[in-house]
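Encoded as structure tokens, the structure appears first; notes follow it.
The values are calculated or read from the model by the stated rules, or taken from the named source; none is laboratory data. Predicted model, so just to flag it, every value in this text is computed and none were measured. Every residue, glycine as well, gets a Cβ built from its backbone with ideal geometry; the counts of neighbours run over all protein chains shown. Please note that ligands, DNA and RNA were not included when accessible areas were found on the heavy atoms of the full protein model with its side chains. Shrake-Rupley method; radii C 1.70, N 1.55, O 1.52, S 1.80 Å.
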Amino acid sequence: MHRLKVAALSAEMSVPPAELHHLRVLRLRPGAELRVFDGQGAEASATLLRLDEGGALLALGERLENTRETPQPVTLAVALLKGDKLSDVVRAATELGVARVQLLQTRYADVPDIGEQKLVRLRRIAAEASKQSRRALVPEVLAPMPLARLPLDGQGFLAHPGSGLRLLDTLHWSAPVTLVSGPEGGFSAPEVEALTQAGFQAITLGPRILRAETAPLALLGALAASGV
């Protein structure tokens with residue numbers, strides 16, 4: 001069944017311009033059944049009332065239970081990476097269930113900052129990946145912030161080689177989760193100390209050294225292994 005993202009779930013909903021093309025290609029007729037989601041976690045069935053040159057109108061149907069999100073929101077805090085690596089990380093992280101991607105400026109980050117155009121593109125990738133993976137939530141992709149300003153809300157875990165603690169040894173789902181992954185050169189010793197003093201726990205990703213674009217996906221894969 002075709003899924004559309006709408007601004008909000010209401011009794012009658014217009015279809016955003018970005019979605020109209022898909023409806024016209026499908027040549028749907030009034031009465032066709034669809035599913036709609038608002039990007040904030042709500043999803044429902046809907047019926048096409050009208051499709052013409054002026055746009056499309058939908059009628060809200062039964063709201064659907066959301067079973068594709070983690071028990072608590074997961075934030076992936078990832079250092080800025082060069083090239084198109086961030087795009088790959090955002091896409092896969094969305095498929096793996098994150099609620100938020102916080103970009104980080106760190107001492108050894110591959111680039112010092114990214115422009116607004118690239119940030120908009122990353123947000124578009126998150127929206128596309130959310131639709132493809134049939135999530136009702138579109139993760140936020142937040143503008144870069146210095147690592148020292150990263151807040152701890154609930155549980156925090158830092159991927160750091162040499163740690164003896166594994167994620168699933170200490171993870172619980174009674175509070176939000178923040179996963180922190182560094183750049184190609186890793187975190188500096190002062191950065192690791194500051195994070196651990198702030199309450200983040202250093203965890204291992206195994207005996208091998210992972211590339212900066214692989215490490216965050218290994219973290220999220222460990223979450224997936226917990227059955228959520």
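Taking the numbered list (1) among the aliphatic types (A, V, I, L, M); (2) open to solvent by less than 70 Å² (accessible area, probe 1.4 Å); (3) out of contact with any helix residue (DSSP H, G or I) (no Cβ under 8 Å at 6 or more places or on another chain); (4) within 18 Å of Leu9 (Cα to Cα) in turn, Leu48 passes all entries but (3). All conditions in (1) out of contact with any strand residue (DSSP E or B) (no Cβ under 8 Å at 6 or more places or on another chain); (2) more than 30 Å from Pro146 (Cα to Cα); (3) of a type in the set (Lys, Arg) hold for Arg63, with the sole exception of (1).
Residue pairs whose Cβ atoms lie under 7 Å apart, sitting 6 or more positions apart in sequence or on different chains, and linking a residue in region 86-105 that is on the phi > 0 side of the Ramachandran plot to a partner that is among the charged types (D, E, K, R), are Gly97/Glu69. Residues being in contact with a helix residue (DSSP H, G or I) (Cβ under 8 Å, 6 or more places away or on another chain), open to solvent by less than 50 Å² (accessible area, probe 1.4 Å), of a type outside the set (Gly, Ala, Ser) and in a loop (DSSP other than H, G, I, E, B) are represented in region 146-158 by at least one member.
Any residue that is open to solvent by 10 Å² or more (accessible area, probe 1.4 Å) and touching a residue at least 60 places away in the same chain (Cβ under 8 Å) - is there at least one of those in region 114-127? So far as region 114-127 goes, yes, one or more of its residues are open to solvent by 10 Å² or more (accessible area, probe 1.4 Å) and touching a residue at least 60 places away in the same chain (Cβ under 8 Å). Restricting the first member to region 158-184 and to residues that are without any contact (Cβ under 8 Å) to a residue 40 or more places away in the chain, and the second to residues that are in a helix (DSSP H, G or I) and of a type in the set (Phe, Trp, Tyr), no beta-carbon pair is closer than 8 Å while six or more apart or on different chains.
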